Amino acid sequence: MLKIEEALQIINDQQIELSTEIRKLSDSLGFAVSSEIRAPFDMPAFDNSAMDGYALCGISKEYQIIGEVAAGDDHQFELKQGEAVRIFTGARVPAAASAVMMQEKTRVEGEKLFLDELPKEGQSIRKKGGELQKEQLVFDKGYTITPAGIGMIGALGMDQVEVFKKPIINLITTGNELVQPGKAKGEGQIYESNSFAISAAAENFGFPVHKKHSHPDDFEQIKTGISEALEQADILLLSGGISVGDHDFVKQALEENGMEQQFYKVFQKPGKPLYFGRKANKFVFALPGNPASSLSCFYIYVLPFLQQFSGFQQKGLPKFQFPLKEPYHNRSDRPSFLKAKIENDEVRILDGQASSMILSMAHANALAFIDAETNLQKGDLITCYLIG
Ligand code: AMP
Ligand code: MG
């Protein structure tokens with residue numbers, strides 16, 4: 001059976017044809033830029049004041065005030081030694097100014113300005129090019145646009161940006177026992193919850209699911225459902241029916257749709273029966289049906305692939321090490337992703353780790369990675385993948 005790192009490597013090694021699109025700046029959050037962005041001009045584009053106060057020519061404690069310049073004014077004062085202008089934050093600083101003194105440290109009598117202290121050369125002047133010089137690299141290809149990133153791109157004067165397209169994702173759940181929430185549930189049936197959890201997790205990371213379908217454990221229906229879902233989708237996610245039971249038809253249905261298996265089964269807990277396949281530029285993850293398994297596999301395997309498909313530099317959940325709050329003995333013979341809670345810079349492994357259970361995951365904010373058959377003490381450092 002594949003090791004976790006091997007499965008992740010197979011995913012990471014997929015050659016994908018990425019496509020690009022131009023998006024409005026306001027609709028670009030969470031997309032990765034498809035080529036590097038360089039500054040089209042110096043930033044700031046002109047020397048400007050960091051304070052409301054006075055722009056001063058020469059270093060002294062007394063000046064003659066000769067005028068006023070506010071943000072957005074293009075009036076250029078020819079300041080001479082001993083002269084000052086009233087100035088406001090963001091206003092262009094006259095060329096000959098030596099410094100700006102904040103108004104809190106000044107006193108004005110008529111046209112005369114008195115300072116409490118001597119100004120320092122260049123003080124409170126934001127220099128032209130102080131943040132970025134023309135042609136300087138702002139973002140590398142693959143930078144994922146954050147809110148501040150949108151601000152940065154806007155500050156460069158761009159109202160649109162070329163990004164990598166995100167995949168069209170379809171989702172199929174399988175199982176005779178599944179009933180949609182809100183409907184009446186019969187004997188032996190359960191509510192279908194995986195599609196909601198997986199779509200929400202995907203959406204949370206900026207990957208909305210396009211269409212969802214639910215099929216019973218019927219080979220023909222699953223096969224046709226896969227074929228239809230793949231017509232539009234770049235990435236198809238399935239839940240359930242991928243183990244070895246008599247009613248598990250997903251693997252065979254994928255094969256009959258021409259899907260080429262990249263891997264099947266990973267030596268881990270939860271989520272052993274995980275399948276990854278590809279057909280040309282279309283990809284399928286078949287996730288185990290147990291709620292904690294499907295979501296755990298989504299976070300660890302699907303998410304980095306969605307990001308890779310979207311041209312991201314950074315892939316996967318944020319990962320940090322935290323000390324264990326209480327001793328923990330992992331009795332499983334497989335490396336485990338355990339539902340855990342990070343609180344006050346410590347991590348605690350939660351009760352209820354069975355893959356059929358979703359409660360502990362709903363209370364967790366991390367998946368703690370713990371090797372097979374490991375006895376850990378309080379304070380031992382654990383790798384935690386942040387899920388919320
Ligand atoms: P399977 O992988 O199809 O053998 O399903 C494993 C377990 O997960 C069974 O107990 C199923 O009832 C349950 N399960 C499968 N699909 C879902 C779903 N969409 N929502 C909630 N539970 C599910
Ligand atoms: Mg099933």
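Given +1 at the Cβ of Lys and Arg, -1 at the Cβ of Asp and Glu and no other charges, the dipole of the stretch 93-235 around its Cα centre is 540 debye to the nearest 20. Here the Karplus relation 6.51 cos²θ - 1.76 cosθ + 1.60, evaluated at θ = phi - 60°, turns the backbone of the stretch 60-70 into coupling constants of 7, 10, 9, 9, 9, 7, 10, x, 8, 9, 10 Hz, with x for every Gly and Pro. Could you give log10 I(q)/I(0) at q = 0.06, 0.09, 0.11 Å⁻¹ for the chain, computed by the Debye formula over C-alpha point scatterers of equal weight, without solvent? The calculated log intensity ratios at q = 0.06, 0.09, 0.11 Å⁻¹ are -0.40, -0.68, -0.84. Any lysines with Cα under 23 Å of the K112 Cα? List them, leaving off those in the same chain fewer than 8 positions away. Once the sequence-local lysines are set aside, what remains near K112 is K61, K80, K120.
Per-residue Karplus couplings for the stretch 130-145, computed as 6.51 cos²θ - 1.76 cosθ + 1.60 with θ equal to phi - 60°, are listed in order as x, 9, 8, 9, 3, 6, 5, 5, 9, 9, 6, 3, x, 5, 8, 6 Hz, Gly and Pro entered as x.
Pairs of lysine residues in the stretch 255-333 that meet both criteria, 8 or more places apart or on different chains and Cα atoms under 25 Å apart, total 12. Between N281 and Q103, the modelled labels are 5.8 nm apart [label points 7 Å from Cα along Cα→Cβ]. Among L303, L8, L287, the ranking by other beta carbons within 10 Å of each residue's beta carbon, starting with the fewest, stands as L8, L303, L287.
Take the Cβ atoms of D116 and D74, set R0 to 30 Å, and the FRET efficiency comes out at 0.45.
To the nearest 10 degrees, how steep is helix 194-204 against the longest Cα principal axis of the chain, on a 0 to 90 scale? That helix lies at roughly 20 degrees to the long axis. Relative to the longest principal axis of the C-alpha atoms of the chain, give the angle of the C-alpha long axis of helix 219-232, reported between 0 and 90° and rounded to the nearest 10°. Roughly 20 degrees between the two axes. Which log10 I(q)/I(0) values does the stretch 1-105 give at q = 0.11, 0.18 Å⁻¹ under the Debye formula, counting every alpha carbon as one identical point scatterer? Log-scaled intensity ratios, in q order: -0.56, -0.88.
Using DSSP to define loop residues, name the trypsin sites (Lys or Arg not before Pro) in the stretch 97-143 whose beta-carbon has at most 14 other beta-carbon atoms within 10 Å.
K120, K127, K134, K141
Taken together, the values in this text are just the output of simple stated rules run on the coordinates, not laboratory data. Quick caveat, the model's predicted, so the values are computed rather than measured. Methodologically, a virtual Cβ is constructed for each residue, glycine included, from the backbone with ideal geometry; neighbour enumeration extends over all protein chains shown.
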